[in-house]
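Since the structure comes first, as structure tokens, the remarks are kept for the end.
The values are calculated or read from the model by the stated rules, or taken from the named source; none is laboratory data. Keep in mind the model is a prediction, meaning the values are calculated, not measured. Cβ atoms come from the backbone with ideal geometry, glycine included; neighbour counts cover every protein chain shown. Remember, those area values only see protein heavy atoms, side chains included, never the ligands or the DNA or RNA. Shrake-Rupley method; radii C 1.70, N 1.55, O 1.52, S 1.80 Å.
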Amino acid sequence: MADLKSTLQEKIPLWRTALQELLKHNAETQISAVSMTQVIKGLRGVRAVLCDTSYVDPKEGLFIRGKPVLELVDLSGEEIFYLLCTGELPDANALTQLQKDISSRAEVPDYVWQIQDSLPDDTHPMTRLSTAMLSMQRESVFSSRYSSGMRRDEHWEATLEDALNIIARLPVVAAGIYRSYLSGKPRIDANPDLGFSENFAHMLGLSDPDGWFRNFIRQFVVVHSDHEGANASVYTSRIVDSSLADLYYSISASMNSLAGPLHGLANQESLKFVLKIQAKFGGVPSDEVLSKYVWAHLTAGNVIPGFGHAVLRYHDPRYTALFDLGKEYCPDNPIFQISERLGEIVPPLLKKQGKAKNPYPNIDGISGALLHHFGMKELRYYTVMFSTAQILGICAQIIMNRAVYSPIVRPKSVTTRWLQGHVSDGIS
Ligand code: CMX
């Protein structure tokens, strides 16, 4: 099989033709209607974004390029990136070539660390990550080639260059942030013989005598790598990219969106909730005590972090993957046990409250328990872990967008007055 770039070169004309054909014969075909509720309540369920890298089925959860995520959890970061980009897995040669290419690009410029050193100590790690990404924008191949008059059909190639540089550097930056500003230890250099996930685990520097942490990170990366194109962080990156701002701007923007507590910060918030329970009850409370506590929290108007979802309506297979690892690696850890009990106790309570459309735990309701078990006690760092894995999907989606010439995103907004007029005109 050919390397990543040649495979993309082969496939891109086919993707372009497929979309042109769809438009030629169905330009006015309606695929989704938009209700008043959807306009006022976050466009939930409106089918308006094209994404071929992955699909979230409300019942079965995440499919990456048509394959259920639970069949993919043992893939390396490079394999999942190749799959996201092309729809195929690389053969051994293509994989080795991609790994070598990425590891040859892992040098992070000094100015990135100088900027990091100048930030106040209490800067949130997500702010650090986003700042690092934005500070490297001056290195964008897309941006510099665009200024020199790059042809439109070459946009994806320049984006691929940016993607490979970012995929090489971001784990180094993310792990460096952890070491320097959270655990107060010196940075660990990347090992050129290790791939994306293993290198990230290595550079974080947590004790890993059995290789379990490395295995956990491998699965963590796969399950966080992509989740369709319209979740808040990924869609943010795609909107930014649609103006032909480059991947650095786009990914930095995605990080700012992921940093919200209803989205990627939920892994931090979820573990905070679990630790509060452990401290309050001096360990793992009984189911009865836990139910009362959760119900009081809910009826006081709070959300239960790590539960619910905007698209999923059943169990999240990404939760299942990490939960199963927890069962294997740390069944007796009280933090894991509280998370496990919450996974049982919260859904009936959310159902009883009758608001959440999905009462089940999501990925952010379990990832923190494992990170904590493996020695990462700095909760504020957890969303950085999510973001570092998520760049694989964002890069793949944006390479595709440039390949098929996705135009600038610009839906139409309406005023409240227009909506009122629309209703009173009786038009529906
Ligand atoms: N705890 C309490 N209430 C919840 C809830 C939860 N876990 N999940 C949903 N609800 C509430 C909503 O706040 C909303 O209440 P209002 O009508 O008073 O505004 C109502 O139930 C309906 O919400 P929904 O349609 O089921 O959910 P949304 O699509 O609006 O929001 C999400 C989805 C994820 C933001 C929401 O479930 C939530 O806030 N969960 C907790 C935070 C979380 O875990 N986020 C991570 C999600 C995964 C990710 O993106 O990383």
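Points worth noting:
- Near Arg402, once Lys and Arg are set to +1 and Asp and Glu to -1 for all other residues with Cβ below 13 Å from its Cβ, the sum equals -2.
- Estimated translational D of the chain in µm²/s (Stokes, Kirkwood radius over Cα pairs; 10 °C; 1.306 mPa s): 70 µm²/s
- Note: relative contact order over the chain, using C-alpha pairs below 8 Å and six or more positions apart, is 23 percent.
- Residue pairs, from the table Lys41/Lys412; Lys59/Lys355; Lys272/Lys357, whose Cα atoms sit over 22 Å apart: Lys272/Lys357
- The amide H of Lys67, built 1.01 Å from its N in the peptide plane, has no neighbour under 5 Å, considering only residues 5 or more places off or on other chains.
- Here the Gaussian network model covers the chain, with springs between Cα atoms less than 10 Å apart; of Val404, Val414, Val346, Val414 fluctuates the most.
- Both numbers refer to the Cα atoms of the stretch 1-155; Rg and Dmax are 20.5, 58 Å.
- Neighbour net charge for Cys330 - beta-carbon separation under 13 angstrom, K R +1, D E -1: -4
- The slack in the chain from Glu344 to Glu378, taken as 0.36 nm per residue of separation less the alpha-carbon distance, amounts to 9.6 nm.
- Amide N of the stretch 103-126 lying under 20 Å from the label point, which is placed 7 angstrom from the Cα of Ser180 along Cα→Cβ: 105-126
- For the chain, the longest site-free run once chymotrypsin sites (Phe, Trp or Tyr not before Pro) in DSSP loop states with at most 15 other Cβ atoms within 10 Å are removed: 1-313
- Accessible-area composition of the chain, carbon plus sulfur, in percent [1.4 Å probe]: 52 percent
- Using the Cβ of Thr29 as centre and a radius below 13 Å, the other residues enclosed give a net charge of 0, where K and R count +1 and D and E count -1.
- Residue-averaged 222 nm ellipticity for the chain, from DSSP H runs of 4+ at -39500 (n - 2.57), nearest 500: -18000 deg cm²/dmol
- In units of the compact-protein estimate 2.2 N^0.38 Å, the stretch 349-428 shows a Cα radius of gyration of 1.84.
- Summarised as an ellipsoid, the stretch 266-373 has semi-axes of 19, 18, 11 Å, derived from the eigenvalues of the Cα gyration tensor scaled by 5 and square-rooted, with the largest first.
- At R0 = 41 Å, FRET efficiency that the Cβ-Cβ distance of Asp74 and Ala18 yields, to 0.05: 0.85
- The distance linking the stretch 382-428 with the stretch 35-85 is 15 Å (Cα centroid to Cα centroid, whole angstrom).
- Screening the chain for whole DSSP H helices with an alpha carbon extent of at least 30 angstrom along the helix axis and a mean Kyte-Doolittle hydropathy of at least 0.5 yields 155-177, 382-403.
- Gyration tensor analysis over the Cα atoms of the stretch 75-142 returns equivalent ellipsoid semi-axes of 31, 14, 11 Å (largest first, whole Å).
- Net lengthening on full extension, Ser286/Tyr314 (0.36 nm per residue, minus Cα-Cα): 7.5 nm
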